[in-house]
Every structure is written in C-alpha cells, then in structure tokens.
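S.K.: Below is one structure. I have some questions about it.
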Amino acid sequence: MSPPTPTAATVRTEDAVPALLASLQATLQGPADQMGCPLPPSIASAFADDSTARPLAAAGGVWAVLRESPDRSCQVLCLHNPSSDAVSASLDALLPETAGQQAHFVRGALHTTQESDGLHVHLAAFGHVWITFTR
C-alpha cells in the first residue's frame, strides 16, 4: 500500500500557515503604526493599557474582538477569518448599536456589500480587518 498523496487542500493549508499566524498576530496585537501612517490618537486610545477588549459571537467562524477606549469614545472592531475559505459577517448583526453608523477602514483587507439586513464585511482566507465607527 502506497502512502496517501497530499491533496490540494492539504498543500493549500500548509502553505497558508504563515498567513494565518501573521493575521492572528495582527488580530491580537492591534493595528501597528505603519511608516508614514500613524494611528490617530482617537483610535490608539482603544488600544491603551486600560482599554477593554470584548470577544463577540460572530457567524460563519469569524473571530471578532471589540476594543473600546476607557472613556468609551472610540470603538475599534477586529474581524479575523481563521479559515482557508472566504467568509462574510453582518456588521449590523454583530454590533446592533452601530447600525446606520458610518464604518471606517483602519487596517487589513476587506470588501463590503450592502445587503437587505445591513452592511456585510467579506474577508479573504486568513484575512483580518480593523474597523471603527462614526458616532
């Protein structure tokens, strides 16, 4: 009996491990300043030592963490896709209190669609995004 041949899914997953680890690290540490593009103080306050980080229940296997500044003036949402398939999440279902507010891209990669039940964020395999909202 010969050993099993690796499948495309096995190879794709093995090749994607570095991407998953980098995305997960970005999810846990927050959006680091990039050369020439520092975080505005209002967003940085959501990552202060005394800020809160609250995990949220998201559909479709998406990991979601809401960061909030100590004075609650800034919320930054991180969405992370730990799978090798593209996924989507409804922002209005995830954070009903932000329904109708303007979402602003901070870091990561996504595309959005307006559906009948609100704004949906679409993440690529192992993708992540940081989003903030205008109150």
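The values are calculated or read from the model by the stated rules, or taken from the named source; none is laboratory data. Bear in mind that the values here come from a model prediction, so they are computed numbers and not experimental data. Because the Cβ atoms are built from the backbone with ideal geometry, glycine has one as well, and the counts that use them run over all protein chains shown. Note: areas computed on protein heavy atoms with side chains; ligands, DNA, RNA excluded. Shrake-Rupley method; radii C 1.70, N 1.55, O 1.52, S 1.80 Å.
S.K.: Being at pLDDT 85 or above and of a type in the set (G, A, S) narrows it down to one residue among A48, A32, A93; which is it?
M.R.: Unique residue meeting the criteria: A93.
S.K.: For segment 109-135, which positions are without any contact (Cβ under 8 Å) to a residue 12 or more places away in the chain and either buried (at least 17 other Cβ atoms within 10 Å of the Cβ) or not in a strand (DSSP E or B) (or both)?
M.R.: Scanning segment 109-135 gives a single hit, S116.
S.K.: For segment 43-63, which positions are among the small types (G, A, S), open to solvent by less than 70 Å² (accessible area, probe 1.4 Å) and out of contact with any Lys or Arg (no Cβ under 9 Å at 6 or more places or on another chain)? Quick ask: steps written out before the conclusion?
M.R.: Within segment 43-63, the subset among the small types (G, A, S) is 44-46, 48, 51, 53, 57-61.
Next cut, open to solvent by less than 70 Å² (accessible area, probe 1.4 Å) only: 44-46, 48, 51, 53, 58, 60-61.
The answer is A44, S45, A48, A58, G60, G61.
S.K.: Sticking with this one: Looking at segment 61-78, is at least one residue among the β-branched types (V, I, T) and part of a loop (DSSP other than H, G, I, E, B)?
M.R.: Here is the first cut: in segment 61-78, the residues among the β-branched types (V, I, T) are 62, 65, 76.
Okay, now just the ones that are also part of a loop (DSSP other than H, G, I, E, B), so 62.
Among the residues of segment 61-78, at least one is among the β-branched types (V, I, T) and part of a loop (DSSP other than H, G, I, E, B), which makes the answer yes.
Yes/no per residue for (1) buried (at least 17 other Cβ atoms within 10 Å of the Cβ); (2) over 17 Å from W63 (Cα atoms); (3) within 10 Å of the chain's Cα centre (by Cα); (4) among the basic types (K, R):
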{"site": "C74", "(1), (2), (3), (4)": "yes, yes, no, no"}
{"site": "L77", "(1), (2), (3), (4)": "yes, no, yes, no"}
{"site": "S84", "(1), (2), (3), (4)": "no, no, no, no"}
{"site": "V87", "(1), (2), (3), (4)": "yes, no, no, no"}
{"site": "L94", "(1), (2), (3), (4)": "yes, no, no, no"}
{"site": "E97", "(1), (2), (3), (4)": "no, yes, no, no"}
{"site": "Q102", "(1), (2), (3), (4)": "no, yes, no, no"}
{"site": "R107", "(1), (2), (3), (4)": "yes, no, yes, yes"}
